[in-house]
Amino acid sequence: MRYLIAETSWKTVGLSKAVSDRGTLVTRCEAGEEIEDFHKIGEHDLVVFDAIQLLRQTSLIRLRELHPDSPIVLIARSPDAEQIAAWLTAGADTVIDETAPLAEMIARIDAIARRAQGAASPRLNCGPLTFDLDARRVHLGDVTLSLSPKLYEILEYIALRPGRLAARESLLGHVYGFENEPAPRVFDVYMCNLRAHLAGIADAVRIETVRGAGYRLELVEPAGAQKPLAA
């Protein structure tokens, strides 16, 4: 997943570093007025910033309009119940007290990001594959697939959207953020390598290329499997 975090306080800087160090993709901005611009350009699974930025140019309503499905998390110092209610009404998904331990903050934002993608827990089953979304690992039975960070991000992105088209442009933006994107042939090599990792289970799960559009993860029903009868 990719988080957008405004590093405008020591707390948000520490939070950004902690989630980045464990492997989560992070888009960083250093000024509150940049939050909306970064969110407008890129697609993010979560937006985190200090509530004090709302006193400047950041608007919860505008952020929500840009990407209605992206959760918004505010960090605030000892907010009262009335203020929290106002922020939630304006578009925030949750408010975390900045005095909370860092581990608790990370657990909270991870849970919100997962649930926004339809994953109730860090464990995501996708056909024969099992994802540990927090540890950023993919298991096939008792075997852990040896995926590079970029291959993991590609597979996680399309696995969270099974059966749905993952537009190539959106996938590139997710994996590379505001870095220079690779030449098209380089990304094609990544996809070939990812398919090679899944070759042994191609009869159960495969990545379909939709020419000129993107990719789709297809879960294949076993031959002869019977669908349950409608009630």
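With respect to the conditions (1) modelled with pLDDT of 85 or more; (2) over 20 Å from Glu43 (Cα atoms); (3) out of contact with any Asp or Glu (no Cβ under 7 Å at 6 or more places or on another chain), Glu208 falls short on a single one, namely (3). Only helices (runs of 4 or more DSSP H) wholly contained in the stretch 38-146 count here; list those with 1 or more residues that are of a type outside the set (Ser, Thr, Tyr) and closer than 30 Å to Ala196 by Cα. Here the list reads 102-116. Just checking, how many residues over the stretch 149-189 are of a type outside the set (Lys, Arg), assigned to a helix (DSSP H, G or I) and crowded, with 16+ Cβ neighbours inside 10 Å? Final tally of qualifying residues: 16.
Taking the stretch 32-58 as the search range and keeping residues that are among the hydrophobic types (A, V, I, L, M, F, W, C), modelled with pLDDT of 85 or more and over 15 Å from the mean Cα position of the chain (by Cα), which one is nearest to Ser170 (Cα to Cα)? For the stretch 32-58, the residue satisfying everything is Phe38. Suppose we filter the stretch 22-37 for residues that are among the charged types (D, E, K, R) and not in a helix (DSSP H, G or I); how many remain? Of the residues in the stretch 22-37, 3 are among the charged types (D, E, K, R) and not in a helix (DSSP H, G or I). Out of the stretch 108-142, which residues are of a type in the set (S, T, N, Q) and out of contact with any helix residue (DSSP H, G or I) (no Cβ under 9 Å at 6 or more places or on another chain)? Listed by number, the residues that qualify are Gln117, Asn125, Thr130. Inspect all residues belonging to the stretch 194-205 and state whether any of them is in contact with a Lys or Arg (Cβ under 8 Å, 6 or more places away or on another chain), under 25 Å from Asp69 (Cβ atoms) and either at pLDDT below 85 or not assigned by TED's automatic domain parsing to the domain that holds Thr94 (or both). No, because not a single residue in the stretch 194-205 is in contact with a Lys or Arg (Cβ under 8 Å, 6 or more places away or on another chain), under 25 Å from Asp69 (Cβ atoms) and either at pLDDT below 85 or not assigned by TED's automatic domain parsing to the domain that holds Thr94 (or both). Determine, yes or no, whether Asp50 is farther than 24 Å from Ala120 by Cα, charged (D, E, K, R) and crowded, with 19+ Cβ neighbours inside 10 Å. Spelling it out, Asp50 is indeed farther than 24 Å from Ala120 by Cα, charged (D, E, K, R) and crowded, with 19+ Cβ neighbours inside 10 Å.
Considering the stretch 59-110 alone, what residues qualify as being touching a residue at least 40 places away in the same chain (Cβ under 8 Å) and either loosely packed, with under 14 Cβ neighbours inside 10 Å or in contact with a Gly (Cβ under 6 Å, 6 or more places away or on another chain) (or both)? Asp69, Leu102, listed by residue number. From the list Glu98, Glu153, the one residue that fits, being modelled with pLDDT of 90 or more, closer than 24 Å to Leu63 by Cβ and outside the structural domain of Arg62 (by TED's automatic domain parsing), is Glu153.
With respect to the conditions (1) of a type in the set (A, V, I, L, M, F, W, C); (2) at pLDDT below 95; (3) within 25 Å of Gly118 (Cα to Cα), Ala86 falls short on a single one, namely (3).
The values are calculated or read from the model by the stated rules, or taken from the named source; none is laboratory data. Note that the structure is a prediction, hence the values are computed from the model and not measured. Glycine also receives a Cβ, built like all others from the backbone with ideal geometry; neighbour counts cover every protein chain displayed.
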